[in-house]
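One structure below.
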Amino acid sequence: MEAGVQKDRILALLQDIVGPEHASADPALLIPYSRDQHWPIAGTHMPDYVVRPKTVEEVQKILRLANRYRIPVIPVSSNTNIRGLTIPHHGGIMLDLKRMDYLEIDPKNRAAIIGPGVSCARLADEAEKYGLRPIIPGAPSTVNMLSNCLLRGVSNIGPRYGHTGDQVLGMEVVLPTGEILYTGAAAFPNVGPYFRYFGPDWAGLFQGQPGIMGVVTKMAVRLYPLPERQEMFMCGFTQRPGEPEEGPLRRAMAFMHDLMLHDPPVITFGVILHWVAAAITMVEKREDIDSFKGTLGDWVVLGSIEGSREFVKYGRSVVEKEIKKHWDNIDEGREVVLMSKMLKDELKAARRIFRWFRLGNYYALAWWGPLDRFDKYYFEALKIWRELGITEELSIVGIPAYPYVGQLTYYEFDSFWDSTDPQNTEKIKKFTEIMYQKMIDLGIYCWFRPYPGVYESTIPRLKGCMGELWYKVKKLLDPNNIMNPGKVFPE
Ligand SMILES: Cc1cc2nc3c(=O)[nH]c(=O)nc-3n(C[C@H](O)[C@H](O)[C@H](O)COP(=O)(O)OP(=O)(O)OC[C@H]3O[C@@H](n4cnc5c(N)ncnc54)[C@H](O)[C@@H]3O)c2cc1C
């Protein structure tokens, strides 16, 4: 059969499943799926179809069809992904899940059941009606919650509650071959899907990777009581005369470490920011960033205390004690004050973060590691950054995570670069390539996400058979390799 005829036939079959208005091969509709803002690094490619199922049965039928004809399927949720994870490098079907927007709040069980089309903002709004809140990522609030939990996203309030991947309970998953898997308590009749485990951690099979094992169609996540009161503090650390460049960061690390050692955790939001990272959510324009330098310090520790009035009173006394202990090491701030409306709004549903796109192409490389290596990670990377002659600032954030075992901290290098300059892009690519090795030399717990190229560079350096087993599991679940091919494992 000719390719064009075959394509028309597949389109007709897809339209039979979801209805003609929800399956298309129109290039005008396909173009937005062919790239994301990381295109200079991740590349671009057109898909063949976009399909928008509404029900789990439709997802099953689409996957069975894709298997029969060996067509790649790329699940897409809110499609704000910025690291090329949904670029259809081998063409195929964009399985756009936005119409699957089921949402149920179960206040008695402090949980929500969500479909892949539910945004963080919508979940936060609905939960708020019951005096509850979800643990959302620091990402734009239009991002969908389920996909962020799948990617084990990082939340600003991770120091108190852990990050978004930790909030997952039971799941409903359509396997690549079309069967349905319910994970944990979701597999048990007569009860809610509110416990994660039965046997192996089945839910974990689908987390931390870009849709290569199946399509998650429902997920239960934890909710927490809304805080009665929110307070915040900010402490700045600036290089002093005669002090090495690393000095202020080391002082900030020691302060954050002491804050994190308290049990129960006293800080809810907590982050160490390079001054550029502090500036980018505050300033209006790229040109204003430089003038922000020195305003809060070279490094900033920003934190919050949240909860009942009694808890906040207790938390404030602990934080004030820590500030007193570190008083001479802190250069700016030091006061605990009522939380600003801006920060409150951002913690509920991040919006200001969209400003980042005004600053240039957003580069990020993220990983997990112990807090006490922050200075090594940053200054070793900075040396390489400077050697490569990259003129933009290299920024970094560190967000410790509950329960802070192993000083667990999320790290992210950030930069905003001019991607219209090919030389710049080449330098950024080179930096990434070097860092894939360098960070393992410095000792990290793992990469935040399996970025393109990470598998090839990381797996050979790991102890034991993890890489082989990972690949075998993928083959077992997806024998025809239809799910987002080429993303984790090289083709
Ligand atoms: C300015 C900015 C700031 C950000 N800050 C943060 C942050 O602080 N914390 C954070 O965690 N993230 C952050 N991000 C990243 C962002 O949150 C993620 O890109 C986003 O959560 C991915 O969700 P998505 O719905 O866009 O996923 P998509 O891009 O649609 O999908 C992501 C991956 O998951 C797969 N997938 C999607 N849905 C399913 C499904 N139902 N079943 C199986 N596989 C699926 C896709 O195939 C893809 O590989 C930020 C992004 C931006 C733009």
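The values are calculated or read from the model by the stated rules, or taken from the named source; none is laboratory data. Note that the coordinates shown come from a computational prediction; the quantities given were computed from them, not determined experimentally. Cβ sites come from the backbone with ideal geometry, for glycine too, and all protein chains shown count toward neighbours. Protein only, heavy atoms only, side chains kept; ligands, DNA and RNA dropped before computing areas. Shrake-Rupley method; radii C 1.70, N 1.55, O 1.52, S 1.80 Å.
Quick notes on this one:
- Once the C-beta distance of THR55 and THR177 is scaled by a Förster radius of 22 Å, the resulting FRET efficiency is 0.75 to the nearest 0.05.
- For the stretch 3-96, averaging the sequence separation of C-alpha pairs within contact (under 8 Å, six or more residues apart) and dividing by the residue count gives a relative contact order of 33 percent.
- Sorted from greatest to least, the principal axis extents spanned by the alpha carbons of the stretch 103-225 come out as 37, 32, 25 Å.
- Evaluated over the stretch 39-95, the Cα radius of gyration and Dmax, each in Å: 12.0, 37
- Oblate is the label for the stretch 334-421, because the ratio a/c of its alpha-carbon gyration tensor axes (a ≥ b ≥ c) is 1.5 or higher and a/b is not greater than b/c.
- Sulfur and carbon atoms: percent of accessible area, the chain [1.4 Å]: 55 percent
- Long pairs among LYS108/LYS321; LYS98/LYS129; LYS293/LYS438; LYS376/LYS429; LYS54/LYS108; LYS324/LYS430, criterion Cα-Cα beyond 32 Å: LYS108/LYS321; LYS324/LYS430
- With both labels modelled 7 Å from their Cα along Cα-to-Cβ, the THR142 to VAL405 distance reads 3.9 nm.
- Kirkwood hydrodynamic radius (C-alpha pairs) into Stokes-Einstein, the stretch 376-491, 25 °C and 0.890 mPa s, D in µm²/s: 149 µm²/s
- Two-decimal log10 I(q)/I(0) for the stretch 1-50, as the Debye equation yields it once each C-alpha is a single scatterer, q = 0.24 Å⁻¹: -0.87
- The slack in the chain from ASP288 to ARG351, taken as 0.36 nm per residue of separation less the alpha-carbon distance, amounts to 20.8 nm.
- Extension gain for HIS45 to ALA254 (0.36 nm times residue separation, less C-alpha to C-alpha distance): 70.6 nm.
- With the helix formula -39500 (n - 2.57) applied to DSSP H stretches of n ≥ 4, the chain reaches a computed 222 nm mean residue ellipticity of -9500 deg cm²/dmol.
- The residues of the stretch 229-447 have, on average, 44 Å² of accessible surface per residue, using a 1.4 Å probe with all protein chains present.
- Directionally averaged projected area (convex hull, Cα atoms, the stretch 229-447), nm²: 12.2 nm²
- Viscosity 1.002 mPa s, temperature 20 °C, Stokes-Einstein D of the stretch 8-103 from Kirkwood C-alpha radius, µm²/s: 160 µm²/s
- Label-to-label distance, nm, for residues given as GLN423 and ASN190 (7 Å Cα→Cβ offset): 7.3 nm
- Rounded D (µm²/s) - the chain, Kirkwood Rh over Cα pairs, Stokes-Einstein at 37 °C, 0.692 mPa s: 138 µm²/s
- One equal scatterer on each Cα of the stretch 380-420, no solvent, Debye formula: the resulting log10 I(q)/I(0) at q = 0.14, 0.16, 0.18 Å⁻¹ is -0.45, -0.54, -0.63.
- Applying the Kirkwood pairwise sum to the alpha-carbon positions of the stretch 163-220 produces a hydrodynamic radius of 11.4 angstrom.
- Cβ charges +1 (Lys, Arg) and -1 (Asp, Glu), total dipole of the chain, debye: 800 debye
- Lys/Arg +1, Asp/Glu -1 at C-beta; the stretch 3-96 dipole; positive extreme among VAL51, PRO20, PRO40: PRO40
- Subtracting the Cα-Cα distance of ASP441 and VAL337 from their residue separation scaled by 0.36 nm leaves 33.3 nm.
- Calculated P(r) tail over 23 Å for the stretch 174-328, as whole % of Cα pairs: 60 percent
- Residue among PRO107, GLY199, ASN144 farthest towards the positive dipole end of the stretch 103-225, charges placed on Cβ: PRO107
- Based on C-alpha pairs under 8 angstrom that are at least 6 apart in sequence, the chain has a relative contact order of 16 percent.
- For MET253, the accessible area of its heavy atoms, probed at 1.4 Å with every protein chain present, is near 20 square angstrom.
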